[in-house]
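For reference, the structure discussed in these notes is given below.
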Amino acid sequence: MSNLGWYQWITTASKKVGGPLNLLAIIGGSCLAVGGTVGSMITNKYRDIKEKKELKTLGTYSVTKDAEIKKIKLLLKTGDQIAILAADNDTILIAKNEDKDNPYFVSADFLMACSDYKGK
């Protein structure tokens, strides 16, 4: 075997397909086809997962009084809807509807004071 390696393979392959431009076109077209197919599959799978993903909650509650926790930048206004995602003793994980910064950890006392949540 010679020390030409890849150069020899490229020149041989180029001659078989009619020149280096044809070889580049074949390689580029193949990459585009495979990349497009894989990208399409990934996009479709992501959409399927996103559409099927349902938020499992322990309940949805309404805010009855304006409240704020400045430390975590949570502002609840009367009429907002919150969903409880998890609860452990006094700590509750909530998601505020249409809030891009979800979720938030709050205390049960805070939640009972500003919403119709009654506790366990």
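Tabulated data
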quantity	calculated
Condition met for D80 (of a type in the set (D, E, K, R) and open to solvent by 50 Å² or more (accessible area, probe 1.4 Å))	no
Number of the condition not met by A25 [criteria: (1) surrounded by 10 or more Cβ atoms within 10 Å (Cβ to Cβ); (2) over 30 Å from K118 (Cβ atoms); (3) modelled with pLDDT under 90]	(3)
Residues (part of a loop (DSSP other than H, G, I, E, B) and at pLDDT below 90) located in region 63-92	N89, D90
The one condition in (1) at positive phi; (2) surrounded by 13 or more Cβ atoms within 10 Å (Cβ to Cβ); (3) not hydrophobic (A, V, I, L, M, F, W, C) that K73 fails to fulfil	(2)
Residue within region 41-52 that is among the acidic types (D, E) and outside any helix (DSSP H, G or I) present	no
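The rows are residues; the columns are (1) of a type in the set (V, I, T); (2) over 30 Å from Y117 (Cβ atoms); (3) in contact with a Ser or Thr (Cβ under 8 Å, 6 or more places away or on another chain).
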| position | (1), (2), (3) |
| --- | --- |
| K45 | no, yes, no |
| K73 | no, no, no |
| T78 | yes, no, yes |
| N97 | no, no, no |
| F105 | no, no, yes |
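Here is a yes/no grid of residues against (1) loosely packed, with under 10 Cβ neighbours inside 10 Å; (2) within 17 Å of D116 (Cα to Cα); (3) over 26 Å from the mean Cα position of the chain (by Cα):
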{"residue": "V17", "(1), (2), (3)": "no, no, yes"}
{"residue": "V34", "(1), (2), (3)": "no, no, no"}
{"residue": "T37", "(1), (2), (3)": "no, no, no"}
{"residue": "D48", "(1), (2), (3)": "no, no, no"}
{"residue": "K56", "(1), (2), (3)": "yes, no, no"}
{"residue": "I92", "(1), (2), (3)": "no, yes, no"}
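The values are calculated or read from the model by the stated rules, or taken from the named source; none is laboratory data. Note that the structure is predicted; figures quoted are calculated from it, not measured. FYI the Cβ positions are ideal-geometry reconstructions off the backbone, even for glycines, and counts take in every protein chain you see. In case anyone asks, the SASA skips ligands and DNA or RNA and just uses the protein heavy atoms, side chains included. Shrake-Rupley method; radii C 1.70, N 1.55, O 1.52, S 1.80 Å.
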